[in-house]
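Trainee: Below is a structure I'd like to ask you about.
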Amino acid sequence: MQRTVERADQQNHLLSCSGTSVKQHSSVNLGQGDTAVSVNTYEVMFLIDSNKYAGDPEGTVGEINKMLKRVEAETLVARPWQDGKLAYPVDGRRKGLHYLTYLKMEGQNLNELTRLCKLNDIVLRHLAIKLDDALVEPMIAVASGESPKSESRSARSDDDDKDSDNEYEE
């Protein structure tokens with residue numbers, strides 16, 4: 001057990017001595033000092049003070065967009081999701097608006113977004129979830145009010161209709 005810990009410490013020491021931190025080790029090195037950081041798609045739910053949103057919706061959304069711009073995030077879809085009574089008081093407020101956003105940004109900027117949300121008095125809480133690539137298009141379609149495109153569902157429903165017709169022909 002102790003040898004494993006010593007070996008891990010030696011590897012971390014080698015990474016830090018070579019000028020590469022452990023966090024930067026996950027990025028792709030392109031050579032000549034350039035590194036490409038992966039851009040991920042995130043679903044971010046902001047819990048907003050509903051009184052401030054009701055008083056100035058454009059200003060409130062503008063504050064959120066300003067935060068997202070500071071972390072170099074590209075907003076794909078954003079909309080108010082649910083306004084209502086909270087299960088428990090958050091910062092002394094009993095009502096809140098859930099504001100749903102889908103965005104693309106570098107993973108290293110997620111900590112900065114968290115810091116900006118804590119400093120902002122409009123955002124009570126937030127939750128960011130990294131989306132799998134297969135879920136990005138359907139989730140964005142649902143959030144924008146469109147129905148998700150799925151050919152397999154229509155093919156399945158046609159097969160089900162044929163099967164149900166055959167059941168009663170006996």
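Trainee: Taking the conditions exactly as written (touching a Ser or Thr at 6+ places or on another chain (Cβ under 6 Å), of a type outside the set (A, V, I, L, M) and open to solvent by 40 Å² or more (accessible area, probe 1.4 Å)), does LYS118 satisfy them or not? I'd like the intermediate steps shown before the answer.
Mentor: Working: touching a Ser or Thr at 6+ places or on another chain (Cβ under 6 Å): no; of a type outside the set (A, V, I, L, M): yes; open to solvent by 40 Å² or more (accessible area, probe 1.4 Å): yes.
For LYS118, the condition - touching a Ser or Thr at 6+ places or on another chain (Cβ under 6 Å), of a type outside the set (A, V, I, L, M) and open to solvent by 40 Å² or more (accessible area, probe 1.4 Å) - is not met.
Trainee: Yes or no: segment 102-124 includes at least one residue that is more than 16 Å from the chain's Cα centre (by Cα), part of a strand (DSSP E or B) and under 27 Å from GLU146 (Cβ atoms).
Mentor: Taking every residue of segment 102-124 in turn, none turns out to be more than 16 Å from the chain's Cα centre (by Cα), part of a strand (DSSP E or B) and under 27 Å from GLU146 (Cβ atoms).
Trainee: Would you pick out the residues in segment 79-115 that are open to solvent by less than 100 Å² (accessible area, probe 1.4 Å) and polar (S, T, N, Q)?
Mentor: Pass one, segment 79-115, residues open to solvent by less than 100 Å² (accessible area, probe 1.4 Å): 79-80, 82-84, 86, 89-90, 92-93, 96-107, 109-110, 112-114.
Within segment 79-115, GLN82, THR101, ASN109, THR114 qualify.
Trainee: Can you tell me which residue is nearest to HIS126 (Cα to Cα) among those in segment 46-66 that are touching a residue at least 24 places away in the same chain (Cβ under 8 Å) and part of a helix (DSSP H, G or I)? Before you say what the answer is, go through the steps one by one.
Mentor: Let us first name the residues in segment 46-66 that are touching a residue at least 24 places away in the same chain (Cβ under 8 Å), namely 46-53, 60-61, 63-64.
Keeping just the survivors that are part of a helix (DSSP H, G or I) gives 50-53, 60-61, 63-64.
On the way: SER50: 14, ASN51: 17, LYS52: 16, TYR53: 16, THR60: 15, VAL61: 14, GLU63: 14, ILE64: 11 Å.
Filtering segment 46-66 for residues that are touching a residue at least 24 places away in the same chain (Cβ under 8 Å) and part of a helix (DSSP H, G or I), the one nearest to HIS126 (Cα to Cα) comes out as ILE64.
Trainee: Report, by residue number, each residue of segment 125-149 that is touching a residue at least 60 places away in the same chain (Cβ under 8 Å) and either farther than 19 Å from ARG70 by Cα or open to solvent by 60 Å² or more (accessible area, probe 1.4 Å) (or both).
Mentor: Just the residues of segment 125-149 that are touching a residue at least 60 places away in the same chain (Cβ under 8 Å), to begin with: 125-131, 133, 136, 139-140, 143-144.
ARG125, LEU127, ILE129, LYS130, LEU131, ASP133, VAL136, MET139, ILE140, ALA143, SER144 - these are the residues of segment 125-149 that are touching a residue at least 60 places away in the same chain (Cβ under 8 Å) and either farther than 19 Å from ARG70 by Cα or open to solvent by 60 Å² or more (accessible area, probe 1.4 Å) (or both).
Trainee: Let me ask another. Enumerate the pairs (first residue in segment 90-103 and farther than 11 Å from VAL123 by Cβ; second residue anywhere and among the hydrophobic types (A, V, I, L, M, F, W, C) and open to solvent by 70 Å² or more (accessible area, probe 1.4 Å)) with beta-carbon separation below 9 Å, excluding pairs fewer than 6 apart on the same chain, so at least 6 apart or on different chains.
Mentor: HIS98/TRP81; LEU100/TRP81
Trainee: Something else: Quick one: which residue in GLU43, GLU72 is part of a strand (DSSP E or B) and either modelled with pLDDT under 95 or touching an Asp or Glu at 6+ places or on another chain (Cβ under 7 Å) (or both)? Before the answer, list the steps.
Mentor: Numbers: GLU72 fails: part of a strand (DSSP E or B).
Result of the check over GLU43, GLU72: GLU43.
The values are calculated or read from the model by the stated rules, or taken from the named source; none is laboratory data. This structure is a prediction, so every number in the text was calculated from the model and none was measured. Cβ atoms come from the backbone with ideal geometry, glycine included; neighbour counts cover every protein chain shown. Keep in mind that these areas ignore ligands, DNA and RNA; they rest on the heavy atoms of the full protein, side chains included. Shrake-Rupley method; radii C 1.70, N 1.55, O 1.52, S 1.80 Å.
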